[in-house]
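Written below as structure tokens is the structure these notes are about.
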Amino acid sequence: MKKMKYLLIIMVISLLAVFGISYSLNGKEKEFSNNDFKIKYDSTWKAVDKKQGIKLKHRKTDSVLNIQCKILESNYIDTKLSDIISDIVYSIEMQNTDYKLINKLNSSNDEYESYSYLYENNDSQALVTIYKKDNKLVIVYYNAQSEYFDIVLDSVDNILSSIEIITGELIN
């Protein structure tokens, strides 16, 4: 009987702890929006720069997530991302010659065509994800020390899934 009582107490405490942690994480979600895009991020990230998009720094690992929007010139507005991605990636790689491409993924959902590129150098990894909607490119750059990259990646994925690109100019 005494064992059942202790087991019941442990179960109740465990349930309260799980619900309490879940509630506290949901309650600390923050939002950022400008004229180009909106995102949601949790309290493990700190906004350190909001001048051109947003730059977030992870509070425990010093990982960086930088999100910027580029407005395309009129001759690219109706162009699919797949038609211009090689030029964009080439430009990124020329600016970051220390990094080696290790994986690439293209995907589309109902709203955005997107591409992700995973790079690494000696002690860090970088994920570059590019989204296109109308005349806007949203470029997300996540950089972390190799030992923290996968640990923080779930949080980064949550931020990426929250991206909402505000409709730009669409020329018919």
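The values are calculated or read from the model by the stated rules, or taken from the named source; none is laboratory data. None of these values were measured; they are calculated from a predicted model. The accessibility values were calculated without ligands, DNA or RNA, using every heavy atom of the protein model including side chains. Shrake-Rupley method; radii C 1.70, N 1.55, O 1.52, S 1.80 Å.
Some observations on this one:
- Using a probe radius of 1.4 angstrom, the carbon and sulfur fraction of the accessible surface of region 23-172 is 43%.
- Distance from region 120-151 to region 37-105 (C-alpha centre basis), Å: 7
- Karplus-derived 3J(HN,Hα), 6.51/-1.76/1.60, for each residue of region 147-157, Hz, glycine and proline x: 5, 9, 3, 5, 5, 8, 4, 4, 5, 4, 4
- Taking every protein chain into account, the 1.4 Å probe leaves Tyr117 with about 20 Å² of accessible area, to the nearest ten.
- Ranking of Ile88, Ile67 by solvent-accessible surface, largest first: Ile88, Ile67 (1.4 Å probe, protein heavy atoms only, all chains present).
- On full extension, the segment bounded by Asn34 and Lys46 gains 2.6 nm, given 0.36 nm per residue less the C-alpha separation.
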